[in-house]
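Let me begin by presenting the structure, written as structure tokens, before commenting on it.
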Amino acid sequence: MKNSGVKSILTARKDFHQWPKNIAQQGPANLDGIKIIVTPEDSVRIGALLAGQADFIRQVQAYDEKQAQQQNFPIYAAPTRGINDSISFRPDNSLVSDVNVRQALLHATNAQQVVKTLFSPNYPGQATSVIANSAAGYVNLSDKLKYDPALAKQLLDKAGWQVGSDGIREKDGKKLALTIYESLPQPQNKEVLQLVAQQWRQVGVALAVSR
């Protein structure tokens with residue numbers, strides 16, 4: 001194996017004959033090797049595939065799937081067996097220390113809109129728990145995760161956060177304004193958070209997305 005930081009070259013061993021006996025493939029590998037090129041930019045990655053410069057790519061964005069399929073590239077969408085995409089709060093943040101505020105933000109989040117707007121059928125549907133439904137210990141919590149902006153407003157009122165002149169809720173001289181950092185490994189995470197920010201704004205909460 002050769003690794004330059006942006007490119008790795010794997011060369012098959014011609015003398016390899018140690019396959020498990022239950023594997024149909026025996027003898028040397030069918031490929032001479034594999035060249036892996038690191039391309040963080042989505043546009044460069046899909047462009048290389050469509051132009052015939054790459055035989056396959058990893059992590060095809062939902063908005064690129066159609067043009068890949070039009071050129072007869074199959075898309076393999078393996079489901080996650082771990083944690084679903086979610087937002088976690090810093091425990092010592094006083095703005096969300098009240099459980100009513102955290103529950104309000106949960107009910108102010110329209111997960112179905114996020115899924116339908118930004119993703120394709122190849123992605124899992126709306127989450128019904130923090131962990132994937134294929135993970136050990138999964139419990140269906142969909143009845144507690146319902147989108148209900150009216151309830152969200154009630155909970156924020158109960159927590160003492162009142163709508164200010166600019167539409168953002170205030171309490172004790174502080175605005176209910178939060179900052180969240182983009183998670184680069186998550187598909188379209190920036191777009192997801194920006195859409196969530198729009199949803200939260202409707203109940204009087206400001207969410208700034210940073211990188």
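The values are calculated or read from the model by the stated rules, or taken from the named source; none is laboratory data. Not measured: the values here are computed from a predicted model. Note that each Cβ is placed from the backbone with ideal geometry, even for glycine, and that neighbours are counted across all protein chains shown.
Scanning the range 178-211 for residues that are part of a strand (DSSP E or B) and without any contact (Cβ under 8 Å) to a residue 40 or more places away in the chain yields T179, Y181, A206, L207, A208, V209, S210. Selection of the range 87-117 for residues being in a loop (DSSP other than H, G, I, E, B) and either exposed (fewer than 13 other Cβ atoms within 10 Å of the Cβ) or over 12 Å from the mean Cα position of the chain (by Cα) (or both) yields S88, F89, R90, P91, D92, N93, S97, D98, A108, T109, N110. Inside the range 1-17, can you point out the residues that are over 15 Å from L31 (Cβ atoms) and either in a loop (DSSP other than H, G, I, E, B) or modelled with pLDDT of 85 or more (or both)? Residues satisfying the conditions are S4, G5, V6, K7, D15, H17.
For the range 158-165, the criterion of being without any contact (Cβ under 8 Å) to a residue 60 or more places away in the chain, surrounded by 14 or more Cβ atoms within 10 Å (Cβ to Cβ) and either among the β-branched types (V, I, T) or in contact with a Leu (Cβ under 6 Å, 6 or more places away or on another chain) (or both) is satisfied by at least one residue.
Just to be sure before I move on: is R81 in a helix (DSSP H, G or I), out of contact with any Leu (no Cβ under 8 Å at 6 or more places or on another chain) and not small (G, A, S) in the structure I sent?
no
With respect to the conditions (1) in contact with a strand residue (DSSP E or B) (Cβ under 6 Å, 6 or more places away or on another chain); (2) loosely packed, with under 14 Cβ neighbours inside 10 Å; (3) not aliphatic (A, V, I, L, M), R169 falls short on a single one, namely (2). Exactly one residue out of L193, L156 is at pLDDT 95 or above, touching a helix residue (DSSP H, G or I) at 6+ places or on another chain (Cβ under 8 Å) and in the same structural domain as H107 (by TED's automatic domain parsing): that is L156. Hey, any hits in the range 44-61 for a residue that's more than 30 Å from D143 (Cβ to Cβ), in contact with a strand residue (DSSP E or B) (Cβ under 8 Å, 6 or more places away or on another chain) and at pLDDT 90 or above? Yes - at least one qualifying residue is present in the range 44-61. Only a single criterion out of (1) closer than 27 Å to D42 by Cα; (2) loosely packed, with under 12 Cβ neighbours inside 10 Å; (3) in contact (Cβ under 8 Å) with a residue 12 or more places away in the chain is not satisfied by P121, namely (3). Listed by first and then second residue, the pairs linking a residue in the range 95-117 that is closer than 14 Å to V196 by Cβ to a residue that is of a type in the set (S, T, N, Q), with Cβ atoms under 7 Å apart and 6 or more places separating them unless they lie on different chains, are A108/Q199; T109/Q199; N110/Q199; A111/Q126; Q112/Q126; V115/Q126.
Among the numbered conditions (1) of a type outside the set (D, E); (2) surrounded by 14 or more Cβ atoms within 10 Å (Cβ to Cβ); (3) within 17 Å of the chain's Cα centre (by Cα), the only one that Q199 does not meet is (3). Residues that are crowded, with 16+ Cβ neighbours inside 10 Å and either among the basic types (K, R) or more than 17 Å from L184 (Cα to Cα) (or both) within the range 55-74 comprise I57, D64, E65, A68, F73, listed in sequence order.
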